[in-house]
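First up is the structure itself, then whatever we jot down about it.
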Amino acid sequence: MGLDMFLNKKYYVQNWEHNPKDRHFSYEIRQGGKPSTIPTEKIKEIVCEEIYWRKANAIHSWFVKNCQDGVDDCGYYDVDIEQLEQLLSTVKQVLDDHSKASELLPSQEGFFFGGTEYDEYYFKDLEHTKDGLEQAIKRNKQDGKSETISWFQYHSSW
């Protein structure tokens, strides 16, 4: 048990008849090398995991305050690119000056949320967050060129 956190990117891929054929998606789903029985014509969304965290309670606290209106309920919350860029900026500030940790990205106590010290594990979580956000933001810019409808979503559970 413990705090598990996910930043996912969802892609809307339903093939509407009124859309031009060059905007349609195709899929091949196999299981054990054989075609799956999943009806591919009914697929509406594809979810890709961008970042997974385990007990990174300071990052979780940031999402609760900045994307969930302070509600910490294990729900699913849409996150826009500007919010991710803001989090990345904040993470970089703390990595550049560790003394800003308790001010900018305070740790949060909680049921199985992990340690609240500003130690090597805390800063390792920030490095992981920085790397993941940089990649997610870069991919998002590439997605924009393809006119694919997509959005980010944060979810936590414990």
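The values are calculated or read from the model by the stated rules, or taken from the named source; none is laboratory data. Note that the structure is predicted; figures quoted are calculated from it, not measured. Reconstructed Cβ throughout: ideal geometry from the backbone, glycine too, with neighbour counts over all protein chains shown.
General observations
- Residues being among the aromatic types (Phe, Trp, Tyr) and farther than 19 Å from ILE51 by Cβ - total across the stretch 87-123: 3
- Residue in the stretch 86-108 that is closer than 14 Å to HIS155 by Cβ and either among the hydrophobic types (A, V, I, L, M, F, W, C) or modelled with pLDDT under 95 (or both) present: no
- Taken over the stretch 17-46, the criterion of being loosely packed, with under 11 Cβ neighbours inside 10 Å and under 30 Å from ASP131 (Cα atoms) is satisfied by LYS44 alone.
- Residue check for VAL79: of a type in the set (A, V, I, L, M), closer than 27 Å to GLN135 by Cβ and under 14 Å from the mean Cα position of the chain (by Cα): yes
- Matching residues, the stretch 5-29, being more than 12 Å from the chain's Cα centre (by Cα), of a type outside the set (Ser, Thr, Tyr) and either at pLDDT 95 or above or in a loop (DSSP other than H, G, I, E, B) (or both): VAL13, GLN14, ASN15, TRP16, GLU17, HIS18, ASN19, PRO20, HIS24, PHE25, GLU28, ILE29
- Test: ASN15 is under 28 Å from THR148 (Cα atoms) and not β-branched (Val, Ile, Thr): yes
- Residue ID - nearest to GLN68 (Cα to Cα), chosen from residues in the stretch 30-54 that are of a type in the set (Val, Ile, Thr) and in a loop (DSSP other than H, G, I, E, B): ILE43
- Only a single item in (1) closer than 13 Å to ILE59 by Cβ; (2) in contact with a Gly (Cβ under 7 Å, 6 or more places away or on another chain); (3) modelled with pLDDT under 95 is not met by PHE113, and it is number (2).
- Test result for ASP97, acidic (Asp, Glu) and touching a strand residue (DSSP E or B) at 6+ places or on another chain (Cβ under 6 Å): no
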